[in-house]
Amino acid sequence: MLADTIRSLGYATGRVGLDEDCYCMPRSRFKQLSAQLPDARFVDFSGVMAELRARKSTREIAVLRRAAAIGDLGIDAALKASGEGRSGRDAAAAVYQVFMQEGADAARAGIITAGVGNAFLHGGLTKQPLAKGDILHMELLPYIDGYSARLMRSAVIGEIDPRRSHLARRLIEIQDRQFEAIKPGANAADVDALARKAMLADGLRPDYPNITGYSLGCYPLHSPRTSDFSRIFLPTAHWTLEVGMVFHMYVSADGIAISETVLVTETGHECLTRSPRQVFQV
(Lines give C-alpha, C1' and ligand atoms only; values in the text may rest on other atoms or scores of the structure.)
Protein backbone atom coordinates (compact mmCIF):
# COMPACT_ATOMS: atom_id res chain seq x y z
CA MET A 1 0.00 0.00 0.00
CA LEU A 2 2.83 2.38 0.83
CA ALA A 3 4.59 1.63 -2.45
CA ASP A 4 1.32 2.14 -4.37
CA THR A 5 0.80 5.48 -2.62
CA ILE A 6 4.29 6.68 -3.52
CA ARG A 7 3.71 5.63 -7.16
CA SER A 8 0.32 7.39 -7.27
CA LEU A 9 1.98 10.61 -6.12
CA GLY A 10 4.47 10.36 -8.96
CA TYR A 11 7.54 9.70 -6.83
CA ALA A 12 8.40 6.15 -7.90
CA THR A 13 11.54 7.50 -9.60
CA GLY A 14 12.11 10.44 -7.27
CA ARG A 15 13.85 11.14 -3.98
CA VAL A 16 11.87 9.78 -1.04
CA GLY A 17 12.67 11.01 2.47
CA LEU A 18 12.95 8.30 5.13
CA ASP A 19 13.10 8.90 8.86
CA GLU A 20 15.77 6.34 9.69
CA ASP A 21 15.12 6.76 13.43
CA CYS A 22 11.51 5.62 13.04
CA TYR A 23 10.49 2.48 14.93
CA CYS A 24 7.84 1.78 12.29
CA MET A 25 10.37 1.09 9.52
CA PRO A 26 12.58 -1.83 10.59
CA ARG A 27 15.21 -3.10 8.16
CA SER A 28 13.04 -5.99 6.89
CA ARG A 29 10.19 -3.62 6.00
CA PHE A 30 12.51 -1.18 4.27
CA LYS A 31 13.95 -4.01 2.15
CA GLN A 32 10.44 -4.94 1.04
CA LEU A 33 9.57 -1.33 0.25
CA SER A 34 12.77 -0.62 -1.70
CA ALA A 35 12.32 -3.85 -3.68
CA GLN A 36 8.93 -2.57 -4.86
CA LEU A 37 10.38 0.83 -5.75
CA PRO A 38 13.71 -0.04 -7.42
CA ASP A 39 13.97 3.32 -9.19
CA ALA A 40 13.30 5.48 -6.14
CA ARG A 41 16.17 7.06 -4.28
CA PHE A 42 15.68 6.91 -0.50
CA VAL A 43 17.41 9.70 1.44
CA ASP A 44 17.78 10.11 5.21
CA PHE A 45 15.09 12.45 6.54
CA SER A 46 16.03 11.87 10.21
CA GLY A 47 15.99 14.89 12.48
CA VAL A 48 13.40 16.85 10.53
CA MET A 49 10.52 15.61 12.67
CA ALA A 50 12.55 16.35 15.79
CA GLU A 51 12.85 19.97 14.67
CA LEU A 52 9.10 20.18 14.10
CA ARG A 53 8.42 18.58 17.50
CA ALA A 54 10.83 20.82 19.43
CA ARG A 55 8.50 23.81 19.89
CA LYS A 56 5.04 23.06 21.22
CA SER A 57 1.90 24.80 20.00
CA THR A 58 -0.59 26.46 22.35
CA ARG A 59 -2.81 23.38 22.13
CA GLU A 60 0.07 21.01 22.84
CA ILE A 61 1.08 23.05 25.88
CA ALA A 62 -2.50 22.91 27.16
CA VAL A 63 -2.48 19.11 26.87
CA LEU A 64 0.87 18.88 28.66
CA ARG A 65 -0.46 21.18 31.38
CA ARG A 66 -3.38 18.79 31.94
CA ALA A 67 -1.02 15.82 32.07
CA ALA A 68 1.19 17.62 34.60
CA ALA A 69 -1.80 18.34 36.84
CA ILE A 70 -2.74 14.65 36.80
CA GLY A 71 0.85 13.79 37.76
CA ASP A 72 0.57 16.09 40.77
CA LEU A 73 -2.57 14.25 41.87
CA GLY A 74 -0.78 10.95 41.34
CA ILE A 75 2.04 11.92 43.70
CA ASP A 76 -0.48 12.89 46.38
CA ALA A 77 -2.28 9.56 46.00
CA ALA A 78 0.98 7.58 46.08
CA LEU A 79 2.03 9.28 49.31
CA LYS A 80 -1.29 8.45 50.96
CA ALA A 81 -0.90 4.80 49.93
CA SER A 82 2.70 4.54 51.20
CA GLY A 83 4.27 3.87 54.54
CA GLU A 84 6.01 1.24 56.63
CA GLY A 85 4.97 -2.22 55.51
CA ARG A 86 3.52 -0.99 52.22
CA SER A 87 5.21 -1.69 48.89
CA GLY A 88 5.93 0.15 45.67
CA ARG A 89 3.04 -1.76 44.12
CA ASP A 90 0.64 -0.23 46.63
CA ALA A 91 1.80 3.24 45.55
CA ALA A 92 1.58 2.29 41.87
CA ALA A 93 -1.99 1.00 42.29
CA ALA A 94 -3.02 4.34 43.76
CA VAL A 95 -1.34 6.21 40.91
CA TYR A 96 -3.06 4.10 38.25
CA GLN A 97 -6.45 4.70 39.86
CA VAL A 98 -5.95 8.46 39.83
CA PHE A 99 -4.70 8.41 36.24
CA MET A 100 -7.76 6.47 35.06
CA GLN A 101 -10.19 8.59 37.06
CA GLU A 102 -8.70 11.85 35.83
CA GLY A 103 -8.69 10.92 32.12
CA ALA A 104 -5.08 9.94 31.51
CA ASP A 105 -4.21 7.48 28.76
CA ALA A 106 -3.85 3.81 29.68
CA ALA A 107 -0.06 4.02 29.61
CA ARG A 108 2.67 3.44 32.18
CA ALA A 109 2.16 4.93 35.63
CA GLY A 110 5.88 5.47 35.83
CA ILE A 111 8.93 4.21 37.68
CA ILE A 112 8.14 3.51 41.33
CA THR A 113 10.98 1.78 43.15
CA ALA A 114 13.34 1.94 46.12
CA GLY A 115 15.77 4.85 46.11
CA VAL A 116 19.22 3.40 46.74
CA GLY A 117 22.61 4.85 45.78
CA ASN A 118 22.98 6.81 42.55
CA ALA A 119 21.71 4.33 39.94
CA PHE A 120 18.08 3.85 40.96
CA LEU A 121 16.25 6.01 38.41
CA HIS A 122 15.28 3.04 36.21
CA GLY A 123 14.65 0.57 39.03
CA GLY A 124 11.87 -2.00 38.95
CA LEU A 125 8.55 -2.23 40.73
CA THR A 126 8.40 -4.84 43.53
CA LYS A 127 6.05 -5.98 46.27
CA GLN A 128 8.82 -5.86 48.88
CA PRO A 129 7.45 -4.10 51.99
CA LEU A 130 9.16 -0.83 52.76
CA ALA A 131 10.84 -0.43 56.16
CA LYS A 132 11.73 2.59 58.26
CA GLY A 133 14.56 4.51 56.66
CA ASP A 134 13.83 3.28 53.13
CA ILE A 135 13.28 5.74 50.30
CA LEU A 136 10.38 5.39 47.89
CA HIS A 137 11.33 6.88 44.51
CA MET A 138 8.46 7.97 42.26
CA GLU A 139 8.80 9.11 38.67
CA LEU A 140 5.31 9.49 37.25
CA LEU A 141 4.57 9.53 33.51
CA PRO A 142 1.02 10.86 33.03
CA TYR A 143 -0.11 10.82 29.38
CA ILE A 144 -2.94 12.79 27.76
CA ASP A 145 -3.59 12.05 24.06
CA GLY A 146 -0.09 10.59 23.90
CA TYR A 147 1.57 13.69 25.40
CA SER A 148 3.58 12.97 28.52
CA ALA A 149 4.54 15.16 31.45
CA ARG A 150 7.03 13.92 34.04
CA LEU A 151 7.88 14.50 37.68
CA MET A 152 10.01 12.81 40.31
CA ARG A 153 9.56 12.90 44.06
CA SER A 154 11.05 10.92 46.93
CA ALA A 155 9.45 9.82 50.20
CA VAL A 156 11.34 8.60 53.25
CA ILE A 157 9.61 5.89 55.28
CA GLY A 158 9.51 7.11 58.86
CA GLU A 159 11.57 10.00 60.20
CA ILE A 160 13.95 11.83 57.85
CA ASP A 161 17.47 12.02 59.22
CA PRO A 162 19.30 15.40 59.12
CA ARG A 163 21.75 14.24 56.43
CA ARG A 164 18.95 13.42 53.99
CA SER A 165 17.13 16.65 54.82
CA HIS A 166 20.26 18.62 53.98
CA LEU A 167 20.79 16.68 50.76
CA ALA A 168 17.20 17.28 49.66
CA ARG A 169 17.40 21.01 50.36
CA ARG A 170 20.70 21.27 48.48
CA LEU A 171 19.38 19.40 45.43
CA ILE A 172 16.39 21.73 45.25
CA GLU A 173 18.56 24.84 45.68
CA ILE A 174 20.86 23.71 42.87
CA GLN A 175 17.96 22.93 40.56
CA ASP A 176 16.22 26.21 41.34
CA ARG A 177 19.34 28.07 40.17
CA GLN A 178 19.33 25.95 37.03
CA PHE A 179 15.67 26.81 36.40
CA GLU A 180 16.45 30.54 36.69
CA ALA A 181 18.74 30.16 33.67
CA ILE A 182 16.07 28.51 31.51
CA LYS A 183 14.95 31.17 29.05
CA PRO A 184 14.90 31.80 25.30
CA GLY A 185 18.40 32.07 23.86
CA ALA A 186 20.10 30.17 26.68
CA ASN A 187 22.71 27.58 25.73
CA ALA A 188 21.79 24.06 26.84
CA ALA A 189 25.33 23.25 27.99
CA ASP A 190 25.37 26.34 30.22
CA VAL A 191 22.05 25.34 31.77
CA ASP A 192 23.32 21.80 32.33
CA ALA A 193 26.52 23.05 33.98
CA LEU A 194 24.62 24.93 36.67
CA ALA A 195 23.35 21.65 38.09
CA ARG A 196 26.17 19.29 37.12
CA LYS A 197 29.09 21.39 38.35
CA ALA A 198 27.40 22.38 41.60
CA MET A 199 26.59 18.79 42.50
CA LEU A 200 30.13 17.63 41.82
CA ALA A 201 31.67 20.61 43.59
CA ASP A 202 29.54 19.94 46.68
CA GLY A 203 30.54 16.26 46.67
CA LEU A 204 26.92 15.15 46.41
CA ARG A 205 28.05 12.48 43.94
CA PRO A 206 31.49 11.18 42.94
CA ASP A 207 30.50 11.49 39.28
CA TYR A 208 27.45 12.51 37.27
CA PRO A 209 27.00 10.45 34.09
CA ASN A 210 23.31 11.36 33.85
CA ILE A 211 21.85 14.04 31.63
CA THR A 212 20.06 16.79 33.57
CA GLY A 213 17.06 17.04 31.24
CA TYR A 214 15.48 16.07 27.94
CA SER A 215 12.63 17.00 25.61
CA LEU A 216 9.02 16.15 26.35
CA GLY A 217 6.21 15.76 23.86
CA CYS A 218 4.07 13.15 22.14
CA TYR A 219 4.80 9.44 22.61
CA PRO A 220 1.84 7.58 21.02
CA LEU A 221 0.86 4.19 22.38
CA HIS A 222 1.66 2.53 19.04
CA SER A 223 5.31 3.53 19.46
CA PRO A 224 7.68 1.95 22.01
CA ARG A 225 9.31 5.35 22.47
CA THR A 226 8.83 6.62 26.04
CA SER A 227 11.25 9.55 25.93
CA ASP A 228 12.49 12.02 23.34
CA PHE A 229 16.23 12.57 23.43
CA SER A 230 16.42 14.85 20.40
CA ARG A 231 17.18 17.66 22.88
CA ILE A 232 19.21 16.69 25.95
CA PHE A 233 21.16 18.64 28.55
CA LEU A 234 24.82 17.59 28.61
CA PRO A 235 28.17 19.44 28.73
CA THR A 236 28.37 19.01 24.93
CA ALA A 237 24.77 20.12 24.23
CA HIS A 238 25.37 23.33 22.28
CA TRP A 239 21.86 24.07 21.12
CA THR A 240 19.67 27.02 22.06
CA LEU A 241 16.49 27.05 24.11
CA GLU A 242 13.41 28.51 22.39
CA VAL A 243 9.94 29.61 23.44
CA GLY A 244 7.54 26.67 23.51
CA MET A 245 10.10 23.97 24.27
CA VAL A 246 9.16 21.64 27.13
CA PHE A 247 11.65 19.58 29.14
CA HIS A 248 11.87 17.04 31.92
CA MET A 249 14.58 18.44 34.20
CA TYR A 250 15.92 16.29 37.03
CA VAL A 251 18.65 15.90 39.65
CA SER A 252 19.41 12.94 41.90
CA ALA A 253 21.86 11.73 44.52
CA ASP A 254 22.01 9.01 47.18
CA GLY A 255 18.50 7.65 46.61
CA ILE A 256 16.78 11.04 46.36
CA ALA A 257 15.52 12.59 43.13
CA ILE A 258 13.41 15.55 42.18
CA SER A 259 12.23 16.69 38.77
CA GLU A 260 9.73 18.92 36.99
CA THR A 261 8.10 19.39 33.61
CA VAL A 262 9.39 22.81 32.54
CA LEU A 263 8.09 25.08 29.77
CA VAL A 264 10.28 27.76 28.17
CA THR A 265 8.26 31.00 28.10
CA GLU A 266 8.95 34.38 26.52
CA THR A 267 10.26 35.71 29.84
CA GLY A 268 11.86 32.59 31.30
CA HIS A 269 10.35 29.34 32.45
CA GLU A 270 7.22 27.85 34.01
CA CYS A 271 7.03 24.60 35.97
CA LEU A 272 3.92 22.83 34.72
CA THR A 273 4.15 20.28 37.55
CA ARG A 274 3.18 21.83 40.88
CA SER A 275 3.64 19.12 43.52
CA PRO A 276 5.49 20.55 46.55
CA ARG A 277 9.22 20.60 45.90
CA GLN A 278 10.39 18.56 48.88
CA VAL A 279 11.28 15.11 50.09
CA PHE A 280 8.24 13.70 51.84
CA GLN A 281 7.94 11.69 55.03
CA VAL A 282 5.37 8.87 55.14
Lys56: which aspartates and glutamates have alpha carbons under 15 Å from its alpha carbon, excluding same-chain residues fewer than 8 sequence positions away?
Asp145, Asp228, Glu242, Glu266, Glu270
Under a crude label model (7 Å from the Cα following the beta-carbon direction), how far is Glu173 from Ser57 in nanometres?
4.4
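Please report, as a whole percent, how much of the solvent-accessible surface of segment 155-282 comes from carbon and sulfur atoms (probe radius 1.4 Å).
53
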Expressed in µm² per second, the diffusion coefficient of segment 41-83 from the Stokes-Einstein equation, with Rh the Kirkwood radius over alpha carbon pairs, at 25 °C and 0.890 mPa s, is 182
Within straight cross-link reach of Lys80, meaning Cα distance under 15 Å, which aspartates and glutamates are found once same-chain residues fewer than 8 apart are removed?
Asp72, Asp90
What spacing in nm lies between the two simple spin-label points modelled at Thr267 and Asp145, each 7 Å away from Cα in the Cβ direction?
2.7
Treating every alpha carbon of segment 158-223 as one equal point scatterer without solvent, the Debye formula yields log10 I(q)/I(0) values at q = 0.13, 0.17, 0.21 Å⁻¹ of -0.50, -0.73, -0.91
Can you give me the accessible area per residue for segment 15-103, using a 1.4 Å probe, in Å²?
60
If you roll a 1.4 Å probe over the heavy atoms of the protein chains, what accessible area per residue do you get for segment 178-247, in Å²?
44
In a Debye calculation with equal point scatterers on the alpha-carbon sites of segment 1-77 and no solvent, what is log10 I(q)/I(0) at q = 0.11, 0.20, 0.23 Å⁻¹?
-0.50, -0.89, -1.04
Against the empirical 2.2 N^0.38 Å scaling, what ratio does the C-alpha Rg of segment 72-207 come to?
1.16
Share, in percent, of DSSP beta bridges within the chain that are antiparallel, nearest 5
85
Given a Förster distance of 45 angstrom, what is the FRET efficiency for Lys127 paired with Arg27, based on the Cβ-Cβ distance and rounded to 0.05?
0.70
Whole-number Å³ per residue for the convex hull built on Cα positions in the chain:
147
Segment 7-132, accessible surface, carbon-and-sulfur percent (1.4 angstrom probe):
52
Extension gain Asp4-Asp39, at 0.36 nm per residue separation less the Cα-Cα distance, in nm?
11.2 nm
Summing -39500 (n - 2.57) over the DSSP H runs of n ≥ 4 in the chain and dividing by its residue number, what mean residue ellipticity at 222 nm do you reach, to the nearest 500 deg cm²/dmol?
-10500 deg cm²/dmol
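The values are calculated or read from the model by the stated rules, or taken from the named source; none is laboratory data. Remember, predicted model here, so these are calculated numbers, not experimental data. Virtual Cβ from ideal backbone geometry, glycine too; neighbours counted across all protein chains shown. Protein only, heavy atoms only, side chains kept; ligands, DNA and RNA dropped before computing areas. Shrake-Rupley method; radii C 1.70, N 1.55, O 1.52, S 1.80 Å.
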